[in-house]
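Undergrad: Handing you this structure, nothing more for now.
The values are calculated or read from the model by the stated rules, or taken from the named source; none is laboratory data. Nothing here was measured: the structure is a model prediction, and the numbers come from that model. Cβ sites come from the backbone with ideal geometry, for glycine too, and all protein chains shown count toward neighbours. The accessibility values were calculated without ligands, DNA or RNA, using every heavy atom of the protein model including side chains. Shrake-Rupley method; radii C 1.70, N 1.55, O 1.52, S 1.80 Å.
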Amino acid sequence: MTSATSPFPLRLHDLAHPIVAGLISVIVNYGGTFILVFQAAKVAGLDPASTASWVWSVSIGVGVTGIILSWMTREPIITAWSTPAAAFLVTALAGTSYAEAVGAYVISAAAFVALGLSGWFERVIRLIPPGVAAGLLAGILLQFGVKAFGGMSVDPLLAGLLIVAYVTLKRFSARYAVPGILLLGLAFLLAQDRIDLSGLRLQLAAPLFTMPVFSLNAMLSVALPLFLITLTGQYMPGMLVLRNDGFKTSANPIVTVTGLGSLLMAPFGSHAFNIAAITAAICTGKEAHEDPSRRWIAGIAAGLCYIFVGVFGVTLAAVFMAFPATFITTLAGLALLGTIGGSLASALADVKTREAALITFLAAAANITLLGIGGAFWGLAIGLLAYAVLNGRFRLPGDPAGG
């Protein structure tokens, strides 16, 4: 496992930006996608205690694995629950008992442990051309950049304030642009009484153990789709986020550690957690720190925030989910602008592979969904096919562009 260590000691100046980046990634994760977990819990008929245990297990698991991996590698390894898997469970749990679903979580997690130990996934990652990887990342993130400005139609005052503040701060103090809009946005929402903290009661969550029940039906209808959706929709783009920002840690320990964490937390309700993709990009780029060797601090900060939320179960998660959607989408989009721009520049830098990278970018941005598999997989598949056709050895002689 590689390590991006630095010979210089950490200073207070080194902590502020990665800590803010980690906090923003947590806010975006809870505020943007965690509602799917509550929807799936409702479909499964879970009582409040079981739902709180799900929140506890997935939050604690994400936090602990993120801290372990970031500390061991000295790279910003941001972990998260599987968002596409949570979306899948909203419908899948309707026909499966909760104990069978937990059994399916265990099987899926064990498969990820086996995958990480085999080393197969890392070999696949290394075969993806850099231009295609950059195009895929830019395409996945594009919708977040668009939504940052789309909020002007819904909440023009809030979105406009954040955009103007970001551009202004970027002009005079680029390092403080993202932290600045976070603080300004929160102050604006509090001043307008748009964040209701009156009902906030910090109550410790109590994990509930559920004995897994294994059935062929749950294995085929829940475990197998859960494994494939998480692999293609989370692990693949998540590793490409790391590679795009120059981090070289092998995928094998990441898959193994998150798989083990998922395996341990499954009996308490956690469906799956893995390396993050979208929220990871907030922590792996220059906005987190100019020095890449300092960005691992964002992984530690995010992990601590997840643990803090998990300890109090549903309470704090509900607070983040109470933030206006426009605040979440605008904050995320502006925080990702640098990564989107850098990915596009990398994707289009090599003239020979530019068209394949552009096709990958557009296919990923289209967010194609077929056979229950999301846009990241199909964007990558189409991009690799285009790369093979345009840049493969069977090109016509004398055709430098391959087409």
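Undergrad: Note down the net charge around GLY269, summing +1 for each Lys or Arg and -1 for each Asp or Glu among other residues with Cβ under 14 Å from its Cβ. Write down the numbers at each step before the final one.
TA: Values: positive: LYS42; negative: ASP47, GLU100.
Result for the neighbourhood of GLY269: -1.
Undergrad: Dipole of the chain, Cα-centred, from +1 at each Lys and Arg C-beta and -1 at each Asp and Glu C-beta, to the nearest 20 debye? Could you put the intermediate results ahead of the total?
TA: Details: 20 positive and 15 negative charges, 131 e Å.
Charge dipole of the chain: 640 debye, to the nearest 20.
Undergrad: More than 22 Å apart: what percent of Cα pairs in the stretch 289-372 qualify? Don't skip to the answer; put the middle values down first.
TA: Working: 1924 of 3486 pairs.
When every Cα pair of the stretch 289-372 is considered, 55 percent fall beyond 22 Å.
Undergrad: Charges on Cβ only, +1 for Lys and Arg, -1 for Asp and Glu, centred on the Cα centroid of the chain; of LEU231, THR353, GLY333, which one is farthest towards the dipole's positive end?
TA: THR353
Undergrad: Can you check what the net charge comes to around ARG74, using other residues whose Cβ is under 10 Å from the Cβ of ARG74 (Lys, Arg +1; Asp, Glu -1)?
TA: It works out to a net charge of +1.
Undergrad: Which of the listed residues, TYR105, VAL167, LEU93, is farthest toward the dipole's positive end in the chain, when Lys, Arg count +1 and Asp, Glu count -1 at the beta-carbon?
TA: Result: VAL167.
Undergrad: Any idea which of ALA376, ALA251, ALA277 is furthest toward the positive side of the dipole for the stretch 241-381, if Lys and Arg beta-carbons carry +1 and Asp and Glu beta-carbons -1?
TA: Among ALA376, ALA251, ALA277, the one farthest towards the positive end of the dipole of the stretch 241-381 is ALA251.
Undergrad: Still on this model: Calculated FRET efficiency, THR168 and PHE214, Cβ-Cβ r, R0 60 Å, to nearest 0.05? Mind showing how you got there, number by number?
TA: Values: r = 57 Å, r/R0 = 0.96.
For R0 = 60 Å, the calculated efficiency reads 0.55.
Undergrad: Still on this structure: Tally Lys/Arg at +1 and Asp/Glu at -1 over every other residue whose Cβ is under 14 Å from the Cβ of ALA325; what's the total? Working shown, then result.
TA: Numbers: positive: LYS147, ARG194; negative: ASP155.
Local charge sum for ALA325: +1.
Undergrad: Right, another one. Would you calculate, for the chain, the mean residue ellipticity at 222 nm contributed by helices, counting each DSSP H stretch of 4 or more residues as -39,500 (n - 2.57) and dividing by all residues, to the nearest 500?
TA: -21000 deg cm²/dmol, from helical runs alone.
Undergrad: Continuing with the same structure: Leaving ligands and nucleic acids out of the surface, order ARG294, ARG123, ARG194 by accessible area at 1.4 Å, largest first. Don't skip to the end; give the middle numbers.
TA: On the way: ARG294 15, ARG123 135, ARG194 80 Å².
So, going from the largest accessible area down, we get ARG123, ARG194, ARG294.
Undergrad: Using a simple charge model, +1 on the beta-carbon of Lys and Arg, -1 on the beta-carbon of Asp and Glu, nothing else, what dipole does the stretch 215-360 show about its Cα centre, in debye to the nearest 20?
TA: Dipole about the Cα centre, nearest 20: 140 debye.
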